Amino acid sequence: MIKIKYEDFDGTRCANLQGRMYTIVDEGRGVREKFWMKRQGSKNVNYFEPPRLTRLLFKYNRNEVSCEDWGEVYMSKICDRVGVGCVPYYIAQLQDEKGQVVGRGVMCGSYKKSHAETEFSVYDLQTKGRTTGDGFDIPNMNTVKGTIDAIKEHFSGFEEEEIEKCRNDLIKQAIMDFLLCQTDRHWLNTTILVYDVMKKPHLRKSSCYDNGCIAMLKRKISAIEGMSKEIGKLGKDSPYLEEKLSSYCPMFGIDTSLVEINKEKNKPGQIEKIKVVNPKKSREIFLKECVREILTNPEIASFFNSLKSHLKVTGEHGVDIDDVTKQIRRGGDDVPPCVAKMIGDVFYHQFDVLNGMVKKRLKEIKDQEKELYDE
């Protein structure tokens, strides 16, 4: 567990993290209360400290209503094992000047590699140069296609290989979101970074962040305990779990938009908030497009196959979710058993769904080829 301690420095409240002093800057975005800890980088030209060390974010728990802190930690560790870029999250404790605990939560560093990178959320990219209003229509809103199209519309000079890598990284994020039932990948929670090297423009997708709303963890611990008991020993094969997840649909799509502007939650003149439209139908669209990428895109096919070996999702040799739990516990963090079980059951269930769709499509292709051959 990371321990952060308030300290007074020349009359200003600062944060002490392992002997390093940080300036505290409040962050008002999002639902969870949070603040940034910022540290001035070294003035020595021969020594550089990246933003992940000089720009740290602390987010308070919402234990009375949610277990998102564990979601952040699990998502970052699972992504790390399968080669998907994700900001590392750590369970953290906030103490006052006397060492008394005043709050618990998670801490992470910035997703920027340098301060020279300029960030654009999918919202920034897809709304740039457009006017807002009730009739506002954005093609392929909050999708891989919409993001790439917006990049090509607003920028030039990027190598095609970089654009393709960015596209594949977005697809991998979408797959991980589906497998872990992420419910908060709105268009402010995916970011593209642009930077120059020797006066040549480059881009990359930022590491995944704000991943706490996975595996139905946006609930208080007592609710998760009850659901975990209902799932029981059947785990991923539980009819109760299947019913719960049957209408789950991720927010971030591949080609077809799965969301619409949430007019009820936006203030007049705003369009930031979005919601999934027709979850069951949108889920079918997402799975169809996801399967197409797995079967036709070599990079995504390789990634999907690696999931089987890295996470032992089909009983093959590899590392399973239980091993991720053991890793977290070895670090001194006591994961509630019901949270660990819920994450594993959800992940394995969702993988079976996606893998089943892949097998079904492969059989259809083979049957079509056989019919043509017979003719």
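The values are calculated or read from the model by the stated rules, or taken from the named source; none is laboratory data. The model shown is predicted, which means the values in this text are computed figures rather than measured ones. Cβ coordinates were reconstructed from backbone atoms using ideal geometry, including for glycine residues, and neighbour counts include every protein chain displayed. Note: areas computed on protein heavy atoms with side chains; ligands, DNA, RNA excluded. Shrake-Rupley method; radii C 1.70, N 1.55, O 1.52, S 1.80 Å.
For the residue pairs Lys233/Lys308; Lys98/Lys273; Lys77/Lys165, the C-alpha atoms sit more than 31 angstrom apart in Lys98/Lys273. Along the axis of the charge dipole computed for the chain (Cβ charges of +1 for Lys and Arg, -1 for Asp and Glu, origin at the Cα centre), the listed residues Thr54, Trp187, Phe158 are led at the positive end by Thr54. With protein chains left intact and a 1.4 Å probe, residues in the chain average 51 Å² of accessible area per residue. The list (i) 23.9, 70; (ii) 21.9, 86; (iii) 23.4, 78 gives values of Rg and Dmax of the Cα atoms in Å, and only one came from this structure; which label was calculated from it? Of the listed options (i) 23.9, 70; (ii) 21.9, 86; (iii) 23.4, 78, (ii) comes from this structure.
Put a dot 7 Å past the Cα of Met198, heading toward its Cβ, do the same for Glu153, and the two dots end up 3.3 nm apart. Met37 contributes about 0 Å² of solvent-accessible surface, heavy atoms of the protein only, 1.4 Å probe.
GluC sites (Glu not before Pro) within the range 209-307: which are DSSP loop residues with at most 10 other Cβ atoms inside 10 Å? Mind showing how you got there, number by number?
On the way: sites: Glu225, Glu230, Glu242, Glu243, Glu260, Glu264, Glu272, Glu284, Glu289, Glu293, Glu299; in loops: Glu264, Glu272.
The qualifying sites are Glu264.
Find the all-direction average of the projected area of the Cα convex hull for the range 166-294, expressing the result in square nanometres with one decimal place. List each step's numbers first, then the result.
Numbers: hull surface 43.6 nm².
Approximately 10.9 nm², given one-decimal rounding.
Within a straight-line Cα-Cα reach of under 23 Å, Lys370 can be paired with the following lysines, leaving aside sequence neighbours fewer than 8 residues apart in one chain: Lys288, Lys359, Lys360.
Accessible surface of Lys236, taken over heavy atoms with a 1.4 Å probe and every protein chain present, rounds to 60 Å².
Across the accessible surface of the range 222-323, with the other protein chains kept in place and a 1.4 Å probe, carbon and sulfur atoms take up 49 percent. Relative contact order of the range 219-370, taken over Cα pairs closer than 8 Å and 6 or more residues apart, is 22 percent.
Of the solvent-accessible surface of the range 171-215, computed with a 1.4 Å probe and all protein chains present, 58% belongs to carbon and sulfur.
Placing +1 on the Cβ of every Lys and Arg and -1 on the Cβ of every Asp and Glu, with nothing else charged, gives the range 153-306 a dipole about its Cα centre of roughly 680 debye. For Lys113, the aspartates and glutamates whose Cα comes closer than 16 Å to its Cα, not counting residues fewer than 8 places off in the same chain, are Glu49, Asp196. Ranking Asn297, Phe252, Val102 by Cα position along the charge dipole of the chain, where only Lys, Arg, Asp and Glu carry charges on their C-beta atoms, puts Val102 farthest toward the positive end.
For Lys366, the aspartates and glutamates whose Cα comes closer than 18 Å to its Cα, not counting residues fewer than 8 places off in the same chain, are Glu293, Asp374, Glu375.
Mean-square fluctuation check for the chain, GNM, Cα pairs under 10 Å: which of Lys145, Lys267, Lys113 is largest? Maximum fluctuation in the GNM of the chain, among the listed residues, is at Lys267. Across every pair of non-identical alpha carbons in the range 57-180, the mean reciprocal distance, once inverted, gives a Kirkwood radius of 17.5 Å. Shown are Ser246, Ser228, whose ranking by accessible area with a 1.4 Å probe and every protein chain present, most to least, is Ser246, Ser228.
Mean residue ellipticity at 222 nm, helices only, the chain: -13000 deg cm²/dmol; runs of at least 4 DSSP H residues each add -39,500 (n - 2.57), and the sum is divided by the number of residues.
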